[in-house]
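The structure appears below as structure tokens.
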Amino acid sequence: SEDCFKTNPDYIRSFLFESKLMPSTWIVIRIDGCHFHRFADVHEFNKPNDKQALDLMNLCAVAVLEEFHDIVFCYGVSDEYSFVLKKDSQLYQRRASKIVSAIVSFFSSMYVMKWKDVFWKKELKYPPSFDGRAVCYPSNEILQDYLAWRQVDCHINNQYNTCFWSLVKSGKSKSEAQNYLKGTQACEKNELLLKEFGINYNTLPLMFRQGSSIFRVKRENPTLLENDASSVEKIETKIVTEHCNIIEQSFWEAHPSILN
Ligand code: ATP
Ligand code: ATP
Ligand code: MG
Ligand code: MG
Ligand code: MG
Ligand code: MG
Ligand code: MG
């Protein structure tokens, strides 16, 4: 009958187009907090940088790295995180919507679960949400360029925000501060910070200036060595969170196992 035809699974499935991510390319999933300008206001984040909020983002990213074994590198700044999946990952047969939705929902749940670990006395006032997207990068060089782009963005935004909030805290209105900074170069901003506010930009916390990179390192476990364990057990994999320059090639040369 016609009813039977219309509920035939093959007929229903014929409408489904799963976009698959290009094979043998690095997959980057970038998530970003939805309306975090408002979220930061409502939860009274310190300006320009709330250290605890960044710590919370980093804890959630570590949990994502632990959960999704194909992730080899994470880079985070502000309300965003980029997760790099290895080139040959077969997670969800590389279906974009499956990968993005699984990572973004896991991250959001973690953010709520770990809130109290970071903000001891601050109440979570409403549920945060994140959006996510997937992009493929065909070579190590282009992937490194992508990550460098995010770190440059971190630097430029942080320098601007540090000036902006110094001006606002010194009594300027937000629009006055905005006009004051219009068209200023990087060196002029550093000079403003030093001369007007006695802030040496280069001494601000590394996490604010360089964002956070999370990855696995293999190292010998000193406690196991003492107990005369077998050589296999001496190597342990550890997840580290660092605030380092990932634009310079030297980072990738010092950690060759990340992209190999
Ligand atoms: P959208 O939904 O389009 O992403 P948004 O309001 O989240 O909008 P973003 O460009 O993602 O805009 O910027 C995130 C904003 O969240 C920042 O501008 C800043 O106001 C705030 N924010 C995020 N993390 C922190 C933090 N650790 N400390 C202070 N403010 C933060
Ligand atoms: P996948 O990650 O592939 O989705 P899954 O374990 O979530 O794997 P599903 O096909 O989505 O598998 O099925 C969900 C399963 O969750 C059900 O088989 C059932 O065991 C369990 N489940 C979900 N909701 C309920 C419920 N309300 N009561 C009892 N069991 C439930
Ligand atoms: Mg966004
Ligand atoms: Mg956002
Ligand atoms: Mg953002
Ligand atoms: Mg199901
Ligand atoms: Mg299910």
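The values are calculated or read from the model by the stated rules, or taken from the named source; none is laboratory data. From a predicted model like this one, the values you see are computed outputs, not experimental measurements. With ideal geometry, Cβ positions are generated from the backbone for all residues, glycine too; neighbour counts draw on all protein chains shown. Ligands, DNA and RNA are stripped out before the accessible areas are found, and what is left, the full protein with its side chains, is counted by its heavy atoms. Shrake-Rupley method; radii C 1.70, N 1.55, O 1.52, S 1.80 Å.
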Measuring from label point to label point, each 7 Å out along Cα→Cβ, what is the residue 129 to residue 47 span in nm?
2.6
Which of the DSSP-defined H helices in the chain satisfy a minimum axial length of 27 Å, computed from C-alpha atoms, and a minimum mean Kyte-Doolittle hydropathy of 0.5?
96-118
With springs connecting C-alpha atoms under 10 Å apart, model the chain as a Gaussian network and identify which of 152, 28, 118 has the largest mean-square fluctuation.
118
Sequence-distant lysines (8 or more away, or on other chains) whose Cα lies within less than 24 Å of residue 116
47, 51, 125
Between 163, 244, 187, which gets the highest mean-square fluctuation from a Gaussian network model of the chain, Cα cutoff 10 Å?
187
Within the chain, which is the longest segment that contains none of the chymotrypsin sites (Phe, Trp or Tyr not before Pro) sitting in a DSSP loop with at most 10 other Cβ atoms within 10 Å?
121-260
When the chain is treated as a Gaussian network with springs between alpha carbons less than 10 Å apart, the largest mean-square fluctuation among 159, 144, 93 is found at 93
Once phi is turned into ³J(HN,Hα) by the Karplus curve 6.51 cos²θ - 1.76 cosθ + 1.60 with θ = phi - 60°, what whole-Hz value does each residue of region 37-48 show in order, with x for glycine and proline?
4, 5, 4, 5, 5, 4, 9, 6, 5, 5, 10, x
In region 60-128, GluC sites (Glu not before Pro) in a DSSP loop with at most 11 other beta-carbon atoms within 10 Å:
123
Length released on extending from residue 105 to residue 180, taking residue separation times 0.36 nm less the Cα-Cα span
23.0 nm
Rounded to two decimals, the Debye log10 I(q)/I(0) of the chain (Cα scatterers, no solvent) at q = 0.07, 0.11, 0.16 Å⁻¹ is -0.33, -0.74, -1.26
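Heavy atoms only, probe 1.4 Å: what % of the accessible area of the chain goes to carbon and sulfur, would you let me know?
53
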